[in-house]
1. Within segment 97-107, can one find any residue that is touching a helix residue (DSSP H, G or I) at 6+ places or on another chain (Cβ under 7 Å) and either in a loop (DSSP other than H, G, I, E, B) or within 15 Å of ILE12 (Cβ to Cβ) (or both)?
2. Evaluate the following for SER143: is it out of contact with any Leu (no Cβ under 6 Å at 6 or more places or on another chain), modelled with pLDDT of 95 or more and not aromatic (Phe, Trp, Tyr)?
3. Output the number of the condition that ASP132 fails; it satisfies all remaining conditions of (1) under 30 Å from ASP14 (Cβ atoms); (2) among the acidic types (Asp, Glu); (3) modelled with pLDDT of 95 or more; (4) part of a loop (DSSP other than H, G, I, E, B).
4. Give me the strands (runs of 3 or more DSSP E) completely within segment 24-66, filtered to those with at least 1 residues that are out of contact with any helix residue (DSSP H, G or I) (no Cβ under 9 Å at 6 or more places or on another chain) and surrounded by fewer than 17 Cβ atoms within 10 Å (Cβ to Cβ), ordered by residue number.
5. Considering every residue within segment 82-92, establish whether at least one is over 20 Å from ALA17 (Cα atoms), surrounded by 13 or more Cβ atoms within 10 Å (Cβ to Cβ) and in contact with a Ser or Thr (Cβ under 6 Å, 6 or more places away or on another chain).
6. Which one of these is surrounded by fewer than 19 Cβ atoms within 10 Å (Cβ to Cβ) and touching a residue at least 60 places away in the same chain (Cβ under 8 Å): ILE159, ILE108, ILE96?
Amino acid sequence: MALSFIGLGSNIGDGRANLQAAWQLLKDCAGTTISLSSPYMSKPVGMESAQWFTNAVGVIETRLAPEELLTCLLALEKSMGRDRSMGRDRVVDLDILYYDDLICHSAILDLPHPELANRLFVLAPLAELAPDHLHPVTRRSSSQMLRHFSGEGQEIKKITWKN
């Protein structure tokens, strides 16, 4: 069994409901869901959109190989209405942040996620969930990366799962 950290995001419709639905569906295809961070509202980064995102990070335990897990996440996104050809706004976005301590660079998958340390909307929920987890390349913990984060213009706000 492998521990995998999954980034979840949504900026179309009810973001909290979308992320909770995706989290529940992950059990069916990926394995055992262990823990889910608080949700965070975040200003879009690197894209033009008026819609803020709802983001969270979850931990799952899976028997799937990394590529199989990616296939599962992409199928789940599609089943929830994501159309990757329709721009960057999305009902749900699911990314593998870490898969155990695996370092992988292939045509379809980079692990750990290459933008993880550059995204406040990933670092804040990751540090909440696993403050001492070490990045397998930089050997910095989630909380260390968050403390030293310097991304300009990135805004987040911690919210609750209840409306």
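The values are calculated or read from the model by the stated rules, or taken from the named source; none is laboratory data. Owing to the predicted nature of the structure, the values given are computational and were not obtained by experimental measurement. Backbone-built Cβ (ideal geometry, glycine too); neighbour counts: all protein chains shown.
1. Pass one, segment 97-107, residues touching a helix residue (DSSP H, G or I) at 6+ places or on another chain (Cβ under 7 Å): 97, 99, 102, 104.
Next cut, either in a loop (DSSP other than H, G, I, E, B) or within 15 Å of ILE12 (Cβ to Cβ) (or both) only: 102.
Yes, segment 97-107 has at least one match.
2. yes
3. For ASP132, the exception is condition (1).
4. On the way: elements: 32-36, 40-42, 53-62.
Output list reads 32-36, 53-62.
5. no
6. Values: ILE108 fails: touching a residue at least 60 places away in the same chain (Cβ under 8 Å); ILE96 fails: surrounded by fewer than 19 Cβ atoms within 10 Å (Cβ to Cβ).
Result of the check over ILE159, ILE108, ILE96: ILE159.
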